[in-house]
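Comments concern the structure below.
The values are calculated or read from the model by the stated rules, or taken from the named source; none is laboratory data. Not measured: the values here are computed from a predicted model. Every residue, glycine as well, gets a Cβ built from its backbone with ideal geometry; the counts of neighbours run over all protein chains shown. Surface accessibility is based on the protein's heavy atoms, side chains included, excluding ligands, DNA and RNA. Shrake-Rupley method; radii C 1.70, N 1.55, O 1.52, S 1.80 Å.
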Amino acid sequence: MKKILLLLIGFIACTTLTYAQHIDRGKFVKDSLDEYINRALTNWRVPGAAVCIIKDGKVVLVKAYGIKELGEPTKVDINSLFMIGSNTKAFTATALAMLQTENKLSLDDKVTKYLPQFKLDNKFAGEQTIIRDLLCHRLGFKTFQGDFTFYNTNLSRNEIITKLGQLKAAYPFRTKWGYTNSAFLTAGEIIPKVTGKPWELYIRENIFAPLGMTNTLALTADLPKSLNRTVPHTLVDGRLTPIPYCQIDGLAPAASICSSINDMGKWVLALLNDGKVGTRQVIPLAAIQATREPQDIVGSVHHLNGETDYELYGLGWFIEDYANHHIIMHTGGVSGYLSSVTLIPQEHLGIVILTNTDQNRLFDALRWEIVDAYFKMPFRNYSDTYLSNYKANAATDQLFDKRLRDSVALNLPPALPVINYTGKYVNELYGSVMVTQGLNNDLEMRFEHHPKMYAHLQPIGGNRFYTTFSDPILGKAVFPFTVQNGKVVSVRVKVDDEVERDPYEFRKVQ
């Protein structure tokens with residue numbers, strides 16, 4: 001029976017490969033894309049998505065799929081709003097490059113010329129940092145360093161810039177690329193110093209309005225007020241769940257824009273048309289070119305076709321080589337949303353994909369599927385390949401989490417009376433957390449700068465506690481308390497790697 005099954009699988013694989021080799025790739029977008037997306041939405045459990053393809057100066061496709069919210073019948077349309085996350089960065093970089101073309105600033109100006117309060121832990125680095133450094137992630141920080149402190153918190157933009165100066169750089173200045181959201185915020189805050197207008201107003205007046213992006217919002221605070229908006233989703237214990245909108249206007253120039261597929265198509269159409277809308281020059285060509293100049297080396301990127309190519313960073317854009325094509329691209333991820341924007345100037349090709357769950361690789365797979373179709377490359381079914389890897393990783397994570405939950409079920413008492421772990425703890429960068437006693441031997445942790453969020457700590461033996469956050473984006477972890485001479489002196493706090501990769505040490509102060 002096994003032999004027959006293996007032969008059958010082999011036959012299916014061969015016929016699939018034969019089909020893939022002979023499929024007319026030129027017809028994929030027109031004849032097969034809808035079926036591909038609808039199938040992938042089901043497989044990935046993506047409630048809603050929207051796709052736009054630009055080719056040779058025309059919108060080839062702009063289409064919405066699925067629903068705005070799980071359990072509700074309202075369908076996504078081409079004007080429904082999604083958070084675009086870090087695809088905001090290209091708008092901020094372009095705005096600053098536009099101001100350079102108007103001789104209102106230079107991207108090589110020192111940041112302190114406009115923000116005298118700007119500092120880095122390395123005094124010399126802070127004094128030498130130029131605007132360009134902020135826009136290409138070369139300050140010396142690790143990727144996502146500081147983001148637990150800055151993301152979805154009650155900190156103002158000025159407070160975030162001040163705390164950025166307290167971060168301990170992991171690498172020497174300008175020696176290594178590290179994705180730094182707070183640096184983009186700092187760059188965006190130069191705009192009001194030059195124009196007298198807040199970042200959000202300048203972006204609206206000088207990019208959104210001239211391009212006809214009439215539905216696009218600069219700030220996340222405005223999204224809940226919109227009548228035509230999608231709802232963010234994530235997986236909670238394996239179940240797809242709607243979640244609250246994150247409020248990230250403190251990091252606005254890095255991640256706060258909310259847009260529709262119709263509006264994002266207008267943005268990409270203009271970028272591929274050298275900044276023109278019809279005959280009207282909206283974005284200076286020199287500004288577009290400035291954002292696409294490679295500034296820093298990210299590393300190597302491995303493609304499913306077997307290629308290993310470079311990955312660089314410009315100003316708000318990743319730059320890759322793929323199949324002898326120069327690709328300008330970026331992805332965006334915030335609570336409950338993932339998106340991608342891709343430009344291939346030599347092919348006059350642009351692709352935008354928006355989704356309303358943060359647990360999918362469809363936004364990535366679909367991009368490469370469309371690119372390969374236009375490059376007339378073999379069909380690879382990226383979605384199924386990515387899904388297989390995703391499920392394997394998810395199974396590993398679920399097994400690890402089950403072991404921790406099994407430990408909780410053993411009702412192991414902590415090493416010390418639970419009252420000993422309660423009190424106030426402080427981290428120099430973040431601020432303070434308060435630990436109080438919950439039911440039985442459980443603890444609850446409240447965070448100074450995340451007032452709507454808390455963590456539930458359950459003992460799993462010794463001084464270790466299994467921790468779940470009320471905000472599922474922050475993940476699950478084990479918090480170990482450090483005990484010296486019978487006294488609790490600190491606790492190590494860890495959030496999901498997609499928020500920040502290193503833990504925070506909080507000292508007990510009372």
So the check is Cβ under 8 Å with 6+ separation or different chains; which pairs have a first residue in region 197-209 that's free of Cβ contacts under 8 Å to residues at least 12 places away in the same chain and closer than 15 Å to ALA221 by Cβ and a second one that's surrounded by 20 or more Cβ atoms within 10 Å (Cβ to Cβ) and not small (Gly, Ala, Ser)?
PRO198/ILE191
Reported set for region 169-194 where residues are assigned to a helix (DSSP H, G or I) and either of a type in the set (Val, Ile, Thr) or open to solvent by 40 Å² or more (accessible area, probe 1.4 Å) (or both) is THR186, ILE190, ILE191, LYS193, VAL194
Among the residues of region 247-296, count how many are assigned to a helix (DSSP H, G or I), touching a residue at least 24 places away in the same chain (Cβ under 8 Å) and either among the charged types (D, E, K, R) or out of contact with any strand residue (DSSP E or B) (no Cβ under 7 Å at 6 or more places or on another chain) (or both).
15
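Quick one: how many residues across region 467-510 are part of a loop (DSSP other than H, G, I, E, B), more than 22 Å from the chain's Cα centre (by Cα) and hydrophobic (A, V, I, L, M, F, W, C)?
Residues that pass the stated criteria total 1.
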All but one of (1) open to solvent by 20 Å² or more (accessible area, probe 1.4 Å); (2) in a loop (DSSP other than H, G, I, E, B); (3) in contact (Cβ under 8 Å) with a residue 40 or more places away in the chain hold for LEU227; which doesn't?
(3)
Within region 303-311, can one find any residue that is in contact with an Asp or Glu (Cβ under 7 Å, 6 or more places away or on another chain) and either closer than 13 Å to LEU135 by Cα or at pLDDT 95 or above (or both)?
yes
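Step by step: first the residues of region 494-510, then only those that are more than 21 Å from THR180 (Cα to Cα) and modelled with pLDDT of 95 or more, then the one that is least open to solvent (accessible area, probe 1.4 Å). Which residue is that? Give the steps one after another, and end with the answer.
Step one: of region 494-510, the residues more than 21 Å from THR180 (Cα to Cα) are 506-510.
With modelled with pLDDT of 95 or more added as a condition, the list becomes 506-509.
Working: PHE506: 0, ARG507: 127, LYS508: 58, VAL509: 71 Å².
If we take residues in region 494-510 being more than 21 Å from THR180 (Cα to Cα) and modelled with pLDDT of 95 or more, then PHE506 is least open to solvent (accessible area, probe 1.4 Å).
Listed residues ILE327, ILE353, ILE297; which is under 17 Å from ALA49 (Cβ atoms) and under 20 Å from the mean Cα position of the chain (by Cα)? Steps first, please.
Values: ILE327 fails: under 17 Å from ALA49 (Cβ atoms); ILE297 fails: under 17 Å from ALA49 (Cβ atoms).
Every option except ILE353 fails the conditions.
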Can you tell me how many residues in region 332-374 are of a type in the set (Ser, Thr, Tyr) and assigned to a helix (DSSP H, G or I)?
1
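Touching a Ser or Thr at 6+ places or on another chain (Cβ under 7 Å), farther than 21 Å from THR291 by Cα and not in a loop (DSSP other than H, G, I, E, B): does that describe LEU304? If you could, list the steps in order and put the result at the bottom.
Numbers: touching a Ser or Thr at 6+ places or on another chain (Cβ under 7 Å): yes; farther than 21 Å from THR291 by Cα: yes; not in a loop (DSSP other than H, G, I, E, B): no.
No: the conditions fail for LEU304.
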Considering region 195-218 alone, what residues qualify as being part of a loop (DSSP other than H, G, I, E, B) and surrounded by fewer than 18 Cβ atoms within 10 Å (Cβ to Cβ)?
GLY196, LYS197, PRO198, GLY212, THR214
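If a residue must be over 20 Å from GLU498 (Cα atoms) and either open to solvent by 10 Å² or more (accessible area, probe 1.4 Å) or among the β-branched types (Val, Ile, Thr) (or both), how many such residues does region 354-385 contain? Walk me through it before giving the result.
Let us first name the residues in region 354-385 that are over 20 Å from GLU498 (Cα atoms), namely 366-385.
When the remaining residues are screened for being either open to solvent by 10 Å² or more (accessible area, probe 1.4 Å) or among the β-branched types (Val, Ile, Thr) (or both), the result is 368, 370-371, 374-381, 384-385.
Count: 13.
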What tally of residues in region 411-422 results from selecting those that are modelled with pLDDT of 95 or more and open to solvent by 80 Å² or more (accessible area, probe 1.4 Å)?
2
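Out of PHE91, PHE82, report the one residue that is under 30 Å from ASN38 (Cβ atoms) and within 25 Å of the chain's Cα centre (by Cα). Spell out how you get there, then give the answer.
On the way: PHE91 fails: under 30 Å from ASN38 (Cβ atoms).
Unique residue meeting the criteria: PHE82.
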If we keep just the residues of region 379-418 that are in a loop (DSSP other than H, G, I, E, B) and among the hydrophobic types (A, V, I, L, M, F, W, C), which is farthest from LEU33 (Cα to Cα)?
LEU416
Inspect region 66-75 for any residue being more than 20 Å from the chain's Cα centre (by Cα) and closer than 23 Å to TRP368 by Cβ and give the result as yes or no.
yes
Breaking point among (1) assigned to a loop (DSSP other than H, G, I, E, B); (2) free of Cβ contacts under 8 Å to residues at least 24 places away in the same chain; (3) not aliphatic (A, V, I, L, M), for GLU320
(1)
Report yes if TYR454 is open to solvent by less than 50 Å² (accessible area, probe 1.4 Å), among the aromatic types (Phe, Trp, Tyr) and either modelled with pLDDT of 95 or more or more than 23 Å from THR162 (Cα to Cα) (or both), otherwise no.
no
Looking at region 459-468, which of its residues are open to solvent by 20 Å² or more (accessible area, probe 1.4 Å) and closer than 24 Å to PRO244 by Cβ?
THR468
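Quickly run through region 225-265 and pick out the residues that are acidic (Asp, Glu) and modelled with pLDDT of 95 or more.
Initially, region 225-265 is screened for residues acidic (Asp, Glu), giving 237, 249, 263.
Residues satisfying the conditions are ASP249, ASP263.
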Would you check if VAL426 is in contact (Cβ under 8 Å) with a residue 40 or more places away in the chain and among the β-branched types (Val, Ile, Thr)?
yes
